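Working notes, beginning with the structure itself.
Just so it is clear, none of the values below were taken in a lab; they were calculated from the coordinates. Predicted model, so just to flag it, every value in this text is computed and none were measured. Cβ atoms come from the backbone with ideal geometry, glycine included; neighbour counts cover every protein chain shown.
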Amino acid sequence: MDKLPLTDADTVLFTKLVRKINFFASMNMSLLEKILNRITYYQYGKGEKVCRQGDPGDTFFVVAEGKLKVSVREAFLFSRTLATFGAGDCFGEMALLERKPRNATVTCEEDSKIFILTAEHFGQVLAENPSFAQEIKQLAKDRQFELDHKPS
């Protein structure tokens, strides 16, 4: 994994991608600029793990380029693929609020570029904006309710 410089084009891309996510859709430009000041941008190589099942959930990811595989370990040596992610997909948004352990491993299927926002940095933005913090907490509750009551 290599840290990349964040260009103006990259920040425009990040903004465009996260506007599709409930967490960020209602965010005004001032708040989004505070988020933009805290994101980082990384290049991952094919086969690299972005996060591992059981690791602390403390980071939100937005895929700018590439293809990633989501898998869960089900037995000592066996894992099952749950999904794949590509450009424009994101994962880990609940980690921004709950910081629960990761329930899957995400591995790069090809070289990938990924925007990263840590829960610590997101928390700083929330601390500066109490009304937005309340809105985000409600979104998280709604999302958890949906997950808890989703038919199997």
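Here are the numbers for the structure shown:
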{"quantity": "Principal axis dimensions, the stretch 1-135 - Cα atoms, whole angstrom, descending", "calculated": "46, 30, 22"}
{"quantity": "In Hz, Karplus ³J(HN,Hα) per residue of the stretch 38-53 (6.51, -1.76, 1.60; θ = phi - 60°; x = Gly, Pro)", "calculated": "10, 7, 10, 9, 10, 9, 10, x, 3, x, 6, 8, 7, 8, 10, 4"}
{"quantity": "Under 23 Å, Cα to Cα: Lys pairs in the stretch 27-139, sequence gap 8 or more or different chains", "calculated": "13"}
{"quantity": "Exposure rule at most 16 other beta-carbon atoms within 10 Å, DSSP loop chymotrypsin sites (Phe, Trp or Tyr not before Pro): the chain longest free segment", "calculated": "1-75"}
{"quantity": "Under the Karplus curve 6.51 cos²θ - 1.76 cosθ + 1.60, θ = phi - 60°, whole-Hz ³J(HN,Hα) for the stretch 19-24, x wherever Gly or Pro sits", "calculated": "5, 7, 9, 3, 4, 10"}
{"quantity": "Check: the chain dipole with +1 on Lys, Arg Cβ and -1 on Asp, Glu Cβ, in debye", "calculated": "300"}
{"quantity": "Cα-based radius of gyration of the stretch 43-100 once divided by 2.2 N^0.38 Å, which approximates compact folds", "calculated": "1.17"}
